[in-house]
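Presented below is the structure to which this report refers.
The values are calculated or read from the model by the stated rules, or taken from the named source; none is laboratory data. Please read these numbers as outputs of a predicted model, since none were measured by experiment. Note that each Cβ is placed from the backbone with ideal geometry, even for glycine, and that neighbours are counted across all protein chains shown.
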Amino acid sequence: MKPMELEKRYCPQNYRPLPVTLVRGEGAWVWDDGGRKYLDMMSAYSAVSHGHSHPRLVKVLQEQAAKLAIVSRAFHSDTLGPFLATLCARTGFEQALPMNTGAEAVETAIKAARRWGHQVKGIPEGEAEIVVARGNFHGRTTTIVGFSSEPEYRRGFGPFAPGFRAVPFGDARAMAAAVNERTCAVLVEPIQGESGIVVPPQGWLREVRQLCDERNALLVLDEIQSGLGRTGRWFAFEHERIRPDGLILGKALGGGLLPVSAFCADREVMDVFGPGSHGSTFGGNALAAAVGLEALKVLDEEKLVERSASGGAYMLERLRAMRSPALKEVRGRGLWVGVELDPARADARDVCERLAMLGVLTKETHDTVIRLAPPLVVNTTELDWALDRLQSVLDELAPRRTTRSTVAGNG
Ligand SMILES: *Cc1c(COP(=O)(O)O)cnc(C)c1O
């Protein structure tokens, strides 16, 4: 049986992958088992911002793996301290608590915010509330899906943890009505990724920041997907010139090689954690720390954040100039763009399948949005190559009418 058939038989169908079997990756490109080459326009949901098998990262991974990988946090390692020091210098926070996956870092932030609410803000024990946004995506644990607004993420998985209140994303007035004396934190994505790369109105995040200051609530940003250069800045909150009280990172923090995540905050928040209060066997392991440190250095030294800004501007400009009746909206920041299709003319899954046949890999989100989020190392020739193929797929599905002026007396 071929690997794809084996996977279909032995792996539960909790995903619906495109029918390609990848065997190798390099930079922005991946190869399938038949030797066909594809441009990766989704970077594993931003986990591969550095590109596939980045040589510097692979070298550090191999050397560290051969030396020391896992000792658990029962002991110190010589790589965790340097990694966290660099992460704190980069994010501007005093401390960072290392985890593995994004969802674990979100859980860490939830625990920190609740304990801070009870111990520091003085909310009666067990009554702390976290205000979240509708359309959020923060991961797949039972607590997290409990405050999702996506029915398929929740159906049959309850009962869910209480203590969350959801308001419309980008709506400052609804947020103001929800944040009160029992609110320990507001937890949001600065740009909603899985929801379709939804950019909130200008100024919204500043208003939320101000509200949190006024009502003594923590502003915790989930930048697992938007962070580390994806939007053309190191962190998406920089676009609004604010600073959160807590920052959740993951995905690209592992350099495309390992799951590495962290919750970053100042001591006022982090001091709620004492020995025994929280942990993870693999979180902050020596191998992950070495790779995480190198991932931060590569972003910096190879100017990947700047490349995201310029490449993203180029991609947006080309997309906005694209003419197709199937195109409804193009939005995004940096190398992170959502292309909203007119559902009457094109189905996002179908477009992704057609793109794959032409050598461009990406994945729809919901039924109407194509995400374009290549590794930040992508160049404009490669972007042109992908966008030409997108144009041809759109032309195939919804032919462009030859435009002819129909206004009487127009010359
Ligand atoms: C991917 C993602 C998560 C979850 O990360 P995992 O590593 O899959 O657990 C959480 N928040 C956001 C914004 C994400 O994009």
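General remarks:
- Test result for A47, among the small types (G, A, S) and away from the ligand (no atom under 16 Å from the Cβ): no
- Any hit, the stretch 261-271, residues being within 10 Å of the ligand (Cβ to nearest atom), closer than 30 Å to V58 by Cβ and part of a strand (DSSP E or B): yes
- Exclusive hit being β-branched (V, I, T), in the same structural domain as G276 (by TED's automatic domain parsing), surrounded by fewer than 22 Cβ atoms within 10 Å (Cβ to Cβ) and out of contact with any helix residue (DSSP H, G or I) (no Cβ under 9 Å at 6 or more places or on another chain), set T101, T86, T108: T101
- Meeting the requirement of 1 or more residues that are among the small types (G, A, S), the strands (runs of 3 or more DSSP E) wholly within the stretch 19-66 are 22-26.
- Exactly one residue out of I248, I191 is of a type in the set (V, I, T) and either closer than 28 Å to F282 by Cα or not assigned by TED's automatic domain parsing to the domain that holds V291 (or both): that is I248.
- Of all the listed residues (V145, V120), the sole one being more than 22 Å from A96 (Cβ to Cβ) and in the same structural domain as V188 (by TED's automatic domain parsing) is V145.
- For L80, the conditions (1) within 16 Å of the ligand (Cβ to nearest atom); (2) more than 18 Å from the chain's Cα centre (by Cα); (3) among the aliphatic types (A, V, I, L, M) all hold with the exception of (1).
- Answer from A69, A65, A133 - the residue that is closer than 17 Å to V220 by Cβ and in the same structural domain as F273 (by TED's automatic domain parsing): A133
- Comparison of G232, G292, G284 shows that the only residue that is in a loop (DSSP other than H, G, I, E, B), more than 13 Å from the ligand (Cβ to nearest atom), touching a residue at least 24 places away in the same chain (Cβ under 8 Å) and under 22 Å from Q62 (Cβ atoms) is G284.
- Subset of the stretch 31-58 [of a type in the set (F, W, Y) and more than 15 Å from the chain's Cα centre (by Cα)]: W31, Y38
- Count - residues of the stretch 177-204 that are of a type in the set (S, T, Y) and more than 12 Å from the ligand (Cβ to nearest atom): 1
- Residue count for the stretch 51-77 under the criterion of being closer than 30 Å to T231 by Cβ and either exposed (fewer than 14 other Cβ atoms within 10 Å of the Cβ) or within 16 Å of the ligand (Cβ to nearest atom) (or both): the result is 2.
- Residue under evaluation I242, criteria (1) of a type in the set (A, V, I, L, M); (2) more than 19 Å from G102 (Cβ to Cβ); (3) surrounded by 22 or more Cβ atoms within 10 Å (Cβ to Cβ), criterion not met: (3)
- Of residues in the stretch 28-44 being crowded, with 16+ Cβ neighbours inside 10 Å and of a type in the set (D, E), the one farthest from the ligand (Cβ to nearest atom): D32
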